[in-house]
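Q: This is the structure I want to talk about, given as structure tokens.
The values are calculated or read from the model by the stated rules, or taken from the named source; none is laboratory data. If you're wondering where the values come from, they're calculated on a predicted model, not measured in any experiment. Every residue, glycine as well, gets a Cβ built from its backbone with ideal geometry; the counts of neighbours run over all protein chains shown. Just the protein is used for accessible areas: all its heavy atoms, side chains included, with ligands, DNA and RNA removed. Shrake-Rupley method; radii C 1.70, N 1.55, O 1.52, S 1.80 Å.
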Amino acid sequence: MVPDEHISEPALSRWTRATVYADMWVDPDDDPRETGAEVVDERGALLESLRHYRLTLEMKCAGLDAEQMARRSAAPSTMSLLGLVRHLTEGERHFRRVMAGEDAPKLYRTDEDRDGDFNGAIADPAVVDEAWRQWRTDVELTDRYLAGVTDLATLNAGYSDYGAEPGGQLQLRDVLVAHVGEYARHCGHADLLRELIDGRVGQ
């Protein structure tokens with residue numbers, strides 16, 4: 001008899017809700033990311049990119065239950081979609097600590113558990129609901145800060161741990177580019193995680 005550990009899971013079929021292009025998440029006319037403001041300058045481009053990737057995160061998690069949200073990618077990784085939501089919440093708070101000097105302590109990560117945002121992402125509906133509530137709260141607070149700062153050359157008011165020499169001065173444009181990059185990186189992970197969960201693919 002073949003040992004259980006050698007029995008592979010049945011392959012998932014790739015699928016999409018799009019009717020125009022078979023490799024898209026939704027049809028272009030139904031994509032909420034295509035309804036943003038017209039980009040006319042550098043600041044607008046960065047803010048629109050941030051909006052785009054935040055929406056992508058929400059789309060990649062749409063329609064999943066708590067078990068699916070908390071499902072890990074592959075051992076030994078603890079990465080899950082729920083973990084990404086929690087991790088990116090920490091990123092929003094980190095952004096405001098650096099740029100605004102805000103008192104926004106870490107919620108999930110500790111010195112003892114630096115991966116607490118992922119390790120604590122368990123298949124509990126209450127944990128999922130709280131993660132989304134906290135993410136949306138922190139997104140709103142970050143956007144409120146950004147709405148009040150128009151100059152991308154604005155320097156950080158808080159301690160910066162970016163770069164080779166932490167503690168230095170950075171412009172808003174640099175920190176915002178890093179923030180957008182963090183979302184972009186993890187939206188790539190979300191693409192793979194969602195396809196592993198139920199086979200859904202898309203842009």
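Q: Scan the stretch 158-171 residue by residue and report those that are touching a residue at least 12 places away in the same chain (Cβ under 8 Å) and either small (Gly, Ala, Ser) or touching an Asp or Glu at 6+ places or on another chain (Cβ under 7 Å) (or both).
A: The initial filter retains those residues of the stretch 158-171 that are touching a residue at least 12 places away in the same chain (Cβ under 8 Å), namely 158-162, 169-171.
Those that are touching a residue at least 12 places away in the same chain (Cβ under 8 Å) and either small (Gly, Ala, Ser) or touching an Asp or Glu at 6+ places or on another chain (Cβ under 7 Å) (or both): Gly158, Ser160.
Q: Residue by residue through the stretch 111-140, note down the ones that are at pLDDT below 95 and either within 21 Å of Ser160 (Cβ to Cβ) or touching a Leu at 6+ places or on another chain (Cβ under 8 Å) (or both).
A: Scanning the stretch 111-140 gives Asp111, Arg114.
Q: Also, quick follow-up: Can you pull out every residue in the stretch 82-134 that is among the polar types (S, T, N, Q) and under 22 Å from Thr56 (Cβ atoms)?
A: Residues of the stretch 82-134 that are among the polar types (S, T, N, Q), as a first pass: 89, 110, 119, 134.
Hits for the stretch 82-134 are Thr89, Gln134.
Q: Scan the helices (runs of 4 or more DSSP H) fully inside the stretch 115-203 and keep the ones with 3 or more residues being open to solvent by less than 70 Å² (accessible area, probe 1.4 Å) and under 26 Å from Arg17 (Cβ atoms).
A: Working: elements: 116-119, 125-147, 172-198.
Qualifying helices (runs of 4 or more DSSP H): 125-147, 172-198.
Q: Residues Leu176, Leu196, Leu155, Leu141: which one is in contact with an Asp or Glu (Cβ under 9 Å, 6 or more places away or on another chain) and in contact (Cβ under 8 Å) with a residue 12 or more places away in the chain?
A: Numbers: Leu176 fails: in contact with an Asp or Glu (Cβ under 9 Å, 6 or more places away or on another chain); Leu196 fails: in contact with an Asp or Glu (Cβ under 9 Å, 6 or more places away or on another chain); Leu155 fails: in contact with an Asp or Glu (Cβ under 9 Å, 6 or more places away or on another chain).
The conditions single out Leu141.
Q: If the requirement is being assigned to a helix (DSSP H, G or I) and modelled with pLDDT under 75, which of these qualifies: Glu58, Glu9, Glu5?
A: Details: Glu58 fails: modelled with pLDDT under 75; Glu9 fails: assigned to a helix (DSSP H, G or I).
Result: Glu5 is the single residue among Glu58, Glu9, Glu5 that is assigned to a helix (DSSP H, G or I) and modelled with pLDDT under 75.
Q: Going by what's in this entry, would Ala104 be described as outside any loop (DSSP other than H, G, I, E, B) and among the small types (Gly, Ala, Ser)?
A: Details: outside any loop (DSSP other than H, G, I, E, B): no; among the small types (Gly, Ala, Ser): yes.
The answer is no for Ala104.
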